2 protein chains.
Amino acid sequence: MADAVKAVLLFWALRLCIQAAFANPVSRFSVSSDKLVDLSHTFDRTTVYWPTLADNETFRLTTIEDETQSDGVSYRIKFYEAAEHGGTHLDAPSHFSKIGLSVEKIPLDKLMGPAVIIDVREKAARNLDYQVTVQDAYDWEKKYGRIPNGAFVFMNSGWDAFWPDKKKIFNFDNSTGVETYHFPAFHPNTTAFLVFQRYISGLGVDTPSTDYGQAAVFKTHEILANNSAVGFENVKNLGKLASVGAHVIAIPIKITDGTGAPLGLIGINP
Amino acid sequence: MADAVKAVLLFWALRLCIQAAFANPVSRFSVSSDKLVDLSHTFDRTTVYWPTLADNETFRLTTIEDETQSDGVSYRIKFYEAAEHGGTHLDAPSHFSKIGLSVEKIPLDKLMGPAVIIDVREKAARNLDYQVTVQDAYDWEKKYGRIPNGAFVFMNSGWDAFWPDKKKIFNFDNSTGVETYHFPAFHPNTTAFLVFQRYISGLGVDTPSTDYGQAAVFKTHEILANNSAVGFENVKNLGKLASVGAHVIAIPIKITDGTGAPLGLIGINP
């Protein structure tokens, strides 16, 4: 090999070593817009709430001021109101635990992490009462590797295609009785496995609840709440996130003493 | 040089070249918790709103359900309500422009980007009516380099130390008349410079408005709104962000037709 070639290679070896030594991966934040996925529904009169809530407990936006001044400048302010739990929202541990953290106390880094997407679209299409099994989680791991500590595990049931059609989402029959709801979610055994053996930070579903429609007690909620894990409900666009390698950032409104809150949830594809 | 040494160096040159070729910086998302800075105040009865709003237009949280069932499981749901503009919040272009985008229409990537922190704490301490000047922006550039396209430029006036003391924040005197307010913000000339010559995505202030307290017309608001740029108001913790090299991610509640919204704002230090 010519000396000149060796010199060039050595120069590059040194250059790259120095670069590698000074690179700080934790400080790197660079996301191109085609990697971003919006996982939150918008809030308005069509936003889906738990059917037992009264109409005046669901999202409303009213105008406080709307004027055009003499100089042509226009100006608007509105007023929002809703129950915490509706639309794309966070379940804080305090929702189902007296000593669980309320929304504003959850540390930022417990609301971001790797996303694991478990696709049960076919199973849920055949069975409205489907509950994600421990086997579903194992099957995911067989394909993609161990679920990382601090992950957010999402059920993609395809339910966001029904949004905001309450009838199709809850599959209830002329009734608001909880016993008539049919939609998929996580089986409590799966939640226990993910929380106790995979140390996840939270669960996400594209349906109205992390417990399935037919649940008479809310065991998944209890397991999450009693172990400082969070729930994300009515998530959208999970089909646009990679099954493995994506990250999510969840930012709720920081409501003091809130048991839940409207959630901005973004996914970043690998 | 011994052949063995050459061989090792060549191996590493090749290895690092291959690594560099396959590295995908845009897909990298890894943030350690000590780099995260929470830039949002919490929402409750103490949250600061524009003084002209009525008491029942400011943030309130009320309990819908709070029960402990016979099996010992406890369960809580609350209800939130407030004007869009108060606390740490987003000003959407539609706040001051009839054709400006409302909150839910702003693309995700227009709500994240590099943060530029202009420190005017000393100037604002001496002059409650301080307005950040074009020279302040030039001075920042002299120290840290050109303000990048798509940046969010923040004024750190030190005002978040007064939160939530309305008297110290607005410096009004037994009156809610707008003409008695005194707090710092951006001078409209500076806003014009940053929007038209630096292509920024938005401005942020640790005071209640991007226009200063004594403003009779809201020129900075108009320039932002008419150019699809956003405003972040009542931001906190700007002193904990690096003057250069940090990034911000802003996630509002996606209110359909919202002119503003409570904002989750996080900073990521370099």
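The values are calculated or read from the model by the stated rules, or taken from the named source; none is laboratory data. Note that this is a predicted model, so its numbers are computed, not measured. Reconstructed Cβ throughout: ideal geometry from the backbone, glycine too, with neighbour counts over all protein chains shown. For accessibility, only protein heavy atoms count, side chains too; no ligands or nucleic acids. Shrake-Rupley method; radii C 1.70, N 1.55, O 1.52, S 1.80 Å.
Screening segment A:88-131 for residues that are within 9 Å of chain B (Cβ to nearest Cβ) and of a type in the set (Gly, Ala, Ser) and picking the one that is farthest from B:Gln69 (Cα to Cα) gives A:Ser94. Flag set for A:Gly213, criterion: open to solvent by less than 10 Å² (accessible area, probe 1.4 Å) and in contact with a helix residue (DSSP H, G or I) (Cβ under 7 Å, 6 or more places away or on another chain).
The residues of segment B:88-107 that are surrounded by fewer than 21 Cβ atoms within 10 Å (Cβ to Cβ) and either in a helix (DSSP H, G or I) or in contact (Cβ under 8 Å) with a residue 24 or more places away in the chain (or both), listed by number, are B:Leu101, B:Glu104, B:Lys105. When B:Lys6 is tested against (1) open to solvent by less than 70 Å² (accessible area, probe 1.4 Å); (2) modelled with pLDDT under 95; (3) within 30 Å of B:Trp163 (Cβ to Cβ), just one condition goes unmet, and that condition is (3). Within segment A:53-87, which residues are within 7 Å of another protein chain (Cβ to nearest Cβ), part of a strand (DSSP E or B) and either touching a residue at least 40 places away in the same chain (Cβ under 8 Å) or more than 20 Å from the chain's Cα centre (by Cα) (or both)? Once the filter is applied, which keeps residues that are within 7 Å of another protein chain (Cβ to nearest Cβ), part of a strand (DSSP E or B) and either touching a residue at least 40 places away in the same chain (Cβ under 8 Å) or more than 20 Å from the chain's Cα centre (by Cα) (or both), segment A:53-87 yields A:Leu61, A:Ile64, A:Ser74, A:Tyr75, A:Arg76, A:Ile77, A:Lys78, A:Phe79, A:Tyr80, A:Glu81, A:Ala82.
This table checks each residue for (1) farther than 23 Å from A:Leu263 by Cα; (2) within 12 Å of chain A (Cβ to nearest Cβ).
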position: B:Phe193; (1), (2): yes, no
position: B:Arg198; (1), (2): yes, no
position: B:Thr220; (1), (2): yes, no
position: B:Ala225; (1), (2): yes, yes
position: B:Val235; (1), (2): no, no
position: B:Leu241; (1), (2): yes, no
position: B:Ile255; (1), (2): no, yes
position: B:Gly267; (1), (2): no, yes
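Checked against (1) closer than 25 Å to B:Val37 by Cα; (2) open to solvent by 30 Å² or more (accessible area, probe 1.4 Å); (3) touching a residue at least 60 places away in the same chain (Cβ under 8 Å), B:Phe152 meets all criteria but (2).
Being surrounded by 15 or more Cβ atoms within 10 Å (Cβ to Cβ), in contact with a Ser or Thr (Cβ under 9 Å, 6 or more places away or on another chain) and of a type in the set (Val, Ile, Thr) is the requirement here; does B:Thr180 meet it?
In short, no.
Residues checked against (1) open to solvent by 30 Å² or more (accessible area, probe 1.4 Å); (2) out of contact with any helix residue (DSSP H, G or I) (no Cβ under 6 Å at 6 or more places or on another chain); (3) modelled with pLDDT of 95 or more:
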| site | (1), (2), (3) |
| --- | --- |
| B:Asp129 | yes, yes, yes |
| B:Ile147 | no, no, yes |
| B:Lys168 | yes, no, yes |
| B:Ser175 | yes, yes, no |
| B:Thr191 | no, no, yes |
| B:Arg198 | no, yes, yes |
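Quick check on A:Asp139: is it more than 25 Å from A:Leu53 (Cβ to Cβ), among the acidic types (Asp, Glu) and either touching a helix residue (DSSP H, G or I) at 6+ places or on another chain (Cβ under 9 Å) or within 14 Å of chain B (Cβ to nearest Cβ) (or both)? So A:Asp139 does not fit the description; no. Using the structure shown, decide if B:Gly231 is open to solvent by less than 30 Å² (accessible area, probe 1.4 Å) and free of Cβ contacts under 8 Å to residues at least 12 places away in the same chain. Here the answer is no, as B:Gly231 does not meet what is asked. Check segment A:33-51 and report whether any residue there is in a strand (DSSP E or B), more than 9 Å from chain B (Cβ to nearest Cβ) and either surrounded by 14 or more Cβ atoms within 10 Å (Cβ to Cβ) or out of contact with any helix residue (DSSP H, G or I) (no Cβ under 8 Å at 6 or more places or on another chain) (or both). Checked against the condition, which is being in a strand (DSSP E or B), more than 9 Å from chain B (Cβ to nearest Cβ) and either surrounded by 14 or more Cβ atoms within 10 Å (Cβ to Cβ) or out of contact with any helix residue (DSSP H, G or I) (no Cβ under 8 Å at 6 or more places or on another chain) (or both), segment A:33-51 yields at least one hit.
Report, by residue number, each residue of segment A:213-228 that is without any contact (Cβ under 8 Å) to a residue 12 or more places away in the chain and of a type in the set (Asp, Glu). If the condition is that a residue be without any contact (Cβ under 8 Å) to a residue 12 or more places away in the chain and of a type in the set (Asp, Glu), then no residue fits. Scoring B:Pro208 on the criteria (1) more than 8 Å from chain A (Cβ to nearest Cβ); (2) surrounded by fewer than 24 Cβ atoms within 10 Å (Cβ to Cβ); (3) under 26 Å from A:Ile106 (Cα atoms) leaves a single failure, condition (2). Filtered by the rule that a residue be outside any loop (DSSP other than H, G, I, E, B) and over 25 Å from B:Gly87 (Cβ atoms), segment B:196-221 gives B:Phe196, B:Gln197, B:Arg198.
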